[in-house]
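Accompanying notes for the structure given below.
The values are calculated or read from the model by the stated rules, or taken from the named source; none is laboratory data. For clarity, every value in this text was computed on a predicted model and none was experimentally measured. Cβ sites come from the backbone with ideal geometry, for glycine too, and all protein chains shown count toward neighbours. What goes into the accessible areas is simple: the full protein's heavy atoms, side chains included, and nothing from ligands, DNA or RNA. Shrake-Rupley method; radii C 1.70, N 1.55, O 1.52, S 1.80 Å.
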Amino acid sequence: MQKTEFPILMYHSISNMPKGTFMRSLHVSPKRFAFQMYLLKLLGYRGVSIGELYHQMISKKPKKLVGISFDDGYKNNISNALPILKKFGFTATVYLVSNNIGGSNHWDVINGIKKQKLLNENDINQWINSGMEIGSHSQNHSDLTNCSNEAAEKEIIQSKIDLEKRFKIPINHFCYPYGNFNNSII
């Protein structure tokens, strides 16, 4: 059986941040993001949502694809990333915190990261209507490895239910908050 692998680029905020900003690596300037997408296109790659990447992976048809995802659902994903993605004919997945739509990244503030607005319902509908995909990033952006199994299960399952009910589409993908997981969470 042939093993099929594809790279995945994971972004957070597409915004300009001054030098010295704490956790500056979570932010990519719009100019740099556009250049990265341009290079992908120039090299013959097509940026795709995680759902599309998954379907290509199981079809075992080798293609020059790269998955593009955004964690947390920052408002600047719609204003700064979406026009660039559309320009290059790419798709992407944004992973949303279901209890914080239209809110802010409050979970980052205690770590000294600047508070930023998150996508609201209209933004998310615009994202979906532009051919992009959404996925679940839990209900509250909790570190699931620090939760009881019951609490982690609720964070994961209820987020999917909330997003499917609110946006009337299937949610087929989940992204671990902070990238943290263990055997129990899996």
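A few points about this structure:
- Those residues of segment 170-186 which are of a type outside the set (Phe, Trp, Tyr), under 23 Å from His12 (Cα atoms) and open to solvent by 40 Å² or more (accessible area, probe 1.4 Å), in sequence order: Pro170, Asn172, Gly179, Asn180, Asn182, Ile186
- Identity of the residue in segment 77-103, open to solvent by less than 20 Å² (accessible area, probe 1.4 Å) and of a type in the set (S, T, N, Q), that ends up farthest from Gly47 (Cα to Cα): Ser98
- Test result for Arg46, open to solvent by 60 Å² or more (accessible area, probe 1.4 Å), at pLDDT 80 or above and not polar (S, T, N, Q): yes
- Selection of first residues in segment 133-157 that are at positive phi and part of a helix (DSSP H, G or I) and of second residues that are modelled with pLDDT of 95 or more and surrounded by fewer than 23 Cβ atoms within 10 Å (Cβ to Cβ), restricted to Cβ pairs under 8 Å at least 6 apart or on distinct chains, gives an empty result.
- Entirely in segment 21-116, the helices (runs of 4 or more DSSP H) that have 2 or more residues that are free of Cβ contacts under 8 Å to residues at least 60 places away in the same chain and touching a strand residue (DSSP E or B) at 6+ places or on another chain (Cβ under 8 Å): 30-42, 50-59, 82-88
- Picking from residues in segment 117-163 that are among the aliphatic types (A, V, I, L, M) and open to solvent by 70 Å² or more (accessible area, probe 1.4 Å), the one that is nearest to Asn76 (Cα to Cα) is Ile161.
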